[in-house]
Each structure stands twice: as structure tokens, then as C-alpha cells.
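First up is the structure itself, then whatever we jot down about it.
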Amino acid sequence: MDPRFTVVIGLDVGKTGHHACALDPDGERLFDKPLPQDEAELREVFTGLQKHGEVLMVVDQPNTIGALPIAVAKDCGCAVAYLPGLAMRKAADLYPGRSKTDARDAFIIADTARTMPHTLRAVDRDNEVLSALKVLAGFDEDLAQETTRALNRIRSLLTQIHPALERVFTGGTLSTGIVLDLLEKFAGPTGLRTAGRGRVLRFARAHARRDPEALIDQVFAALDEQTVVVPATAAVELVIPRVAGQVKELKEQRATVAREVEAMLEDFPLAGVLMSMPGIGIKTAAQILLAIGDASTFESAGHLAAYAGIAPVTRRSGTSIRGEFPARSGNKRLKNALFYSSWVASHSDPVSKAYYDRKRAEGKRHNAAVICLARRRCNVIFAMLRNGTYYQPPINVPSPDPAALAA
């Protein structure tokens, strides 16, 4: 147990009520009762336990239903921490019994925090910007999922009535503005045929940023591949424009959220620090800040890399298993942010590109080379956040050997 704390409170949070279990350094229970989702009663318990000394309050859910207990505990002067769900499930296997009760969960949270403090994560979202950012990021994630569902619905409808036309909109073509405009205006194969190539092309040129003639040619070539009208085509073409309109509205909402996030991060110092590094933009910086804050809870860059799941895992068992393997665990959101920013930097930043090319020349595949680059950049990000300094490219970086790259 951290010697700073005399009491550890484990709080199994719930929508209308919680269960609190407070332990002293020897594991003796000081409190073990249900608590309502009420500020006055939460405050009474926290201040009462502070008579024993410094208090650490640990929750299993720091957002939504756990937000009020965290706010009250902080206002009372208690330290707060978060025990991730995976860590708690693994810790629960160390205790006898298989029952699932609030009282047992609260005790496990408190005892794990007391005996294995390294499993805890800080709840350091005192900054209003980070708290608001978490809300906007969650909303943007919901919008992204709704957008994906709507696009998949359009694909399913087109596949049902005209597979050749659906094949034209491969990859990310379906989500582009011009395709959504066409589907909202002409609905489907019947509407496109009725309008004719000339009218459709004029409409597309009026709404597209680039010349859409090649796309329109592909559309009408696909229309010529099928002459039969599939049953329910008319009904499908009533639905497609509505779903296309929904996708456009969702994309506009996401653009609005992005602008709000950008405005919110303008005056936030650490955001500027992160975005000074090649490959890191507004959204990537937001994801990194949400995952690790100022990185003060990590002892070293190695600890941060392990948390992100980009540090290789050593596996050895006698002589049968030896070597290092990619990690399958870690914070997925943080790992994706570091991977994506490294991939962007491998194209846009000469220093990152040279390192990426060197790893590829060593025989590593694309993903493995990007992970290596992400691990290298993780050291820099950790130092930048810890010191609050902007990115500075290395001086006198040797250029890669052309012969090695060609090998």
C-alpha cells in the first residue's frame, strides 16, 4: 500500500447506489456498507474516514455513474484512482469464491489497490478542457459508429437490387460527398437511368470538387450490366435517399465536433506540445491526452509503451519458446493513435521516413516497421509531455544507405 494513505476506499459504482469498502494498511475493514448516489451521504463517509488519515478512493468506473463520487471525493480532499476492468477481473481470480456481489467487488477493488497499487490508473481530469474533451470524444465515437451503420445499410440495399452499381462504390467512395449527393438526388439505378448520363454528369460537376466524369462513366457502365429489375427496387429507392441524407447529417455533426475540439485545444498547452510533433493532428492529440493526460503517472517511456501495447513481449519457456513477440494487450485507443500518427509521419517527416525505411530494409513488414517507429516516437512524446517542450528534430541525422534500402 502506498505509505501516503492510511485508508483505501473501494467503490463499486452503480446507477442509483454504490457499495463502499474501506480498508486500513493491514486490510482491516473500517467501513463496508451501501451508499446512495447522493452528494451529502458520500461526503459524510469520505470526511468521516479522513479522521484516520490520508484517504485514497478507488472506483471501477470513472465516467458517467462514477463521476459524482470522484467529484465529491476530490472536493473533500481525497486522492482518487481508477482500477481498470481487466485488472479487476484478473485480481478477482485470486480471491476465493465465484459469487458476484457489490460488496465482494468493492472489497476486491480496495484490497487490490492496497496490495497491488501498480494496477491503478490516475483520475487526473481536474482540467475542464480534458473533462469536456472526453465528452466530445465519446459523442464523436458514437457518431462514427452510426455513420458506419448507415453506410453499411446503403451497401446492403444496393447489393440487393443492383450488385454491379454497389461494386462501383468500393473502398471509401460511398462515403464521399459526391456519391451521397447522387444517391440523395437520384436514389438508385432507376432514378439514374431516368435522368440520363448528361443530366447526372451536370449535377455531379455542380456538386463535386474534382471532375466526376470518370465516376459517372463507371456508374452508367455498371447500370448497363443489369437489365432485370429486382423485386422491391421501388421500395429500396425510397429508403436510399433518406439514409444518404442521414450520413451527410452525421458527417456534418462530426465536422462540427472536430471544430469544437480544435477550438477547445487552442489554448491548452499540452495539445500544442503534442501537435508540434510530425504526424500528430487535433484528433490524435485529443486521443493521446484522453488516454494518458500529462503522462505523469508513468515512471518511464517504457512503462508508457507497455501501457499502449507497442512494446514487444518477451516469451521464454525452457528451450521451446524463445524470443520477443508483438503485444496483444494495451490501451487500444492509445495504440491506434500512436500507430496512425507514426504511419503519417513515415510519409511526411524525413527523420521518421528514414527510420521506417531502415526497418523495412532489415526485413520487417509494414505494420512491424510502423510499430517500431511508434515505439521510438513514444520516447519522444513521453519527454515532451513530461517537460512541456515542443518537438525538435534531431540534428545531423545520417541519411539511409541507398544500397541497404535496395537490398
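Nearest 500 deg cm²/dmol is fine: what mean residue ellipticity at 222 nm does the chain get from its DSSP H runs of n ≥ 4 alone, each adding -39,500 (n - 2.57), divided by its residue count?
Value at 222 nm, helices only, nearest 500: -19000 deg cm²/dmol.
Lys/Arg Cβ at +1, Asp/Glu Cβ at -1, dipole of the chain taken about the Cα centre: which of 92, 174, 263 is farthest positive-ward?
174
Place a label point 7 angstrom from the Cα of residue 68 along the Cα-to-Cβ direction, then list the residues of the range 31-46 whose backbone nitrogen is under 18 Å away.
Hits in the range 31-46 for residue 68 at 18 Å: 33-46.
Provide the gained length on full extension for the span residue 297 to residue 387, in nm with one decimal, where the gain is 0.36 nm per separating residue minus the Cα-Cα distance.
31.0 nm
May I ask for the Kirkwood hydrodynamic radius of the range 7-123, worked out over all distinct Cα pairs and given in angstroms to one decimal?
Roughly 13.7 Å, rounded to one decimal.
To make sure I understand the rule: partners must be aspartates and glutamates, Cα under 17 Å from the Cα of residue 283, and not fewer than 8 residues away in the same chain. Which ones qualify?
Filter leaves 140, 141, 142, 252, 260, 262, 266, 267, 294.
With +1 on each Lys and Arg Cβ and -1 on each Asp and Glu Cβ, how big is the dipole of the chain about its Cα centre, in debye rounded to the nearest 20?
Around 1660 debye, computed over the chain.
Kindly express, to the nearest 10 degrees and within the range 0 to 90, the angle between helix 350-361's C-alpha long axis and the longest C-alpha principal axis of the chain.
Around 90 degrees separate the two axes.
Given points 7 Å out from each Cα along the Cα-Cβ axis, report the residue 51 to residue 362 separation in nanometres with one decimal.
Inter-label distance under the simple model: 6.1 nm.
What is the gain in length, in nm to one decimal, between residue 75 and residue 134 on full extension, counting 0.36 nm per residue of separation less the C-alpha to C-alpha distance?
Taking 0.36 nm per residue and subtracting the Cα distance, the gain is 19.2 nm.
Percent of Cα-Cα pairs more than 21 Å apart in the range 135-262, please.
40
Going by alpha carbons, how many degrees (0 to 90, nearest 10) lie between the helix axis of 102-115 and the longest principal axis of the chain?
Once rounded, one gets 70 degrees.
Sticking with the crude label model, points 7 Å out along Cα→Cβ, report the distance from residue 146 to residue 213 in nm, one decimal please.
According to this spin-label approximation, the distance is 4.0 nm.
Do any of 335/364; 15/90; 74/332; 332/359; 134/335 go past 21 Å between their Cα atoms, and which?
15/90; 74/332; 332/359
For the charge dipole of the chain, defined by +1 on Lys and Arg C-beta atoms and -1 on Asp and Glu C-beta atoms about the Cα centroid, which residue among 346, 8, 361 has the Cα displaced farthest towards the positive pole?
Going by the Cα projections, it comes out as 361.
Read-outs: derived from the displayed coordinates by stated rules, not from any lab. Computed from a predicted model, the values in this text were never measured in an experiment. Reconstructed Cβ throughout: ideal geometry from the backbone, glycine too, with neighbour counts over all protein chains shown.
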